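To keep things clear, I will list the structure first and then write my remarks on it.
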Amino acid sequence: MTRSARKTTTTAPEMTVELVNPELAQDWLGRNACIRNLRRGIVNAYARDMAAGEWAFTGEPIKFDLTGSLIDGQHRLHALVKSDSTLSLAVFRNIDPSAVHVMDSGARRTAGDALKFQGYKTPTLLASAAGMVLTEGSTKRRGLTHSEILGVVEADPSIPFIVDEVLPKLRMSQLTTGTVAFYAYWRLHQVDAAAAVAFFDALSSLAGQDQNSPILALHRRLYRAEHTVGRGSWAYRQECLALIFEAWNAWRRGQKRVKLSVIVGAYGRIQVPEPI
């Protein structure tokens, strides 16, 4: 059927705000039109927010078409069941079934957008940095919610302080990404604040570093990693953290290093050492 020949309906859409409990959510899921595969990571993330009382009413509705089939909202409803929550949800009924083809086609708000609305200066980098903190240095942060990102930033003022005030002074942009530099500094600052400042000062200036210095070896290795692996890859970010922490541990022990290497474990995963 061409667009000009598409049938129209005189049934007007209806919107209500309803209190939805797990039983009702499960009933609605039984009417699911199976628009797309269920993404368990999203369900789990939503459920965490709901269970923690962090789920905000945004007015984004659960949608049913003219036949009563659920055409939008399955992830929220599955999360509501999983979290055993009862929430007020907007509900749209009598939606034209053809509308399913254009749902969710707009640009989604990011965690960076959420931080920008709160007035933070560098929201995109801050969101990425907060994700690293929440996942303890993991470079794979899918499934984190905006509420979780906002929560850790508000709970730890050192995160925005390092992003906004410390990183610009570290002069690490030629060696690694802002996200990696942030997490390495944040983590090492927790171990020994004064030593972390001295370590990164030496890494950025190379002042007083002899040929056997692990800091000089790190500088060379980070520069080489950028040109051989690529900054945007998961392997690059993981490798950089492993190298930084390996150099830090050698430096703290007073050991010499001409070269630094990383250990690759099962399934090709790079092992990141614990900083001492």
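The table that follows gives values for the structure above.
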| read-out | value |
| --- | --- |
| Residues that are within 20 Å of HIS146 (Cα to Cα), at pLDDT 80 or above and either surrounded by fewer than 14 Cβ atoms within 10 Å (Cβ to Cβ) or among the β-branched types (Val, Ile, Thr) (or both), drawn from region 88-126 | SER88, THR110, PHE117, GLN118, GLY119, LYS121, THR122, THR124 |
| Whichever residue in region 1-28 is more than 29 Å from VAL81 (Cβ to Cβ) and at pLDDT 50 or above and, among such residues, is nearest to the chain's Cα centre (by Cα) | ALA12 |
| Tally, over region 120-175, of residues that are free of Cβ contacts under 8 Å to residues at least 12 places away in the same chain, assigned to a loop (DSSP other than H, G, I, E, B) and of a type in the set (Gly, Ala, Ser) | 2 |
| Output for region 29-61, where each listed residue is more than 25 Å from the chain's Cα centre (by Cα) and at negative phi | LEU29, GLY30, ARG31, ASN32, ALA33, ILE35 |
| Restricting region 190-220 to residues that are of a type in the set (D, E, K, R) and within 30 Å of the chain's Cα centre (by Cα), the residue that is farthest from VAL133 (Cα to Cα) | ARG220 |
| Residue match in region 130-145 (condition: loosely packed, with under 15 Cβ neighbours inside 10 Å, at pLDDT below 85 and within 13 Å of the chain's Cα centre (by Cα)) | yes |
| Sole exception among (1) part of a loop (DSSP other than H, G, I, E, B); (2) modelled with pLDDT under 95 for GLN255, by number | (2) |
| Residues located in region 41-58, provided they are under 17 Å from ASN21 (Cβ atoms) and either of a type in the set (Phe, Trp, Tyr) or surrounded by fewer than 16 Cβ atoms within 10 Å (Cβ to Cβ) (or both) | TYR46, ALA51, GLY53, TRP55, PHE57 |
| ARG171 buried (at least 16 other Cβ atoms within 10 Å of the Cβ), basic (Lys, Arg) and under 29 Å from the mean Cα position of the chain (by Cα) | no |
| Residue within region 175-188 that is of a type in the set (A, V, I, L, M), assigned by TED's automatic domain parsing to the domain that holds GLN118 and farther than 14 Å from THR122 by Cβ present | no |
| Cβ pairs under 8 Å, 6+ apart, first in region 252-276 and closer than 24 Å to TRP186 by Cβ, second of a type in the set (S, T, N, Q) and not in a strand (DSSP E or B) | ARG257/ASN212; ARG257/SER213; ARG269/GLN238; ILE270/GLN238; VAL272/GLN238; PRO273/ASN249; PRO275/ASN249; ILE276/ASN249 |
| Considering residues of region 258-276 that are of a type in the set (A, V, I, L, M) and part of a loop (DSSP other than H, G, I, E, B) only, the residue surrounded by the most Cβ atoms within 10 Å (Cβ to Cβ) | VAL272 |
| Filter result for the condition that a residue is in contact (Cβ under 8 Å) with a residue 60 or more places away in the chain, within 18 Å of GLY131 (Cα to Cα) and not acidic (Asp, Glu), over TRP248, TRP234 | TRP234 |
| Within region 211-225, considering residues that are surrounded by fewer than 16 Cβ atoms within 10 Å (Cβ to Cβ) and assigned to a helix (DSSP H, G or I), the one modelled with the highest pLDDT | ARG220 |
| Any pair with Cβ under 7 angstrom, 6 or more apart, that starts in region 51-71 at a residue that is outside the structural domain of LYS82 (by TED's automatic domain parsing) and ends at one that is among the charged types (D, E, K, R) and assigned to a loop (DSSP other than H, G, I, E, B) | none |
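The values are calculated or read from the model by the stated rules, or taken from the named source; none is laboratory data. This structure is a prediction, so every number in the text was calculated from the model and none was measured. Positions of Cβ are backbone-derived with ideal geometry, glycine not excepted, and every protein chain shown enters the neighbour counts.
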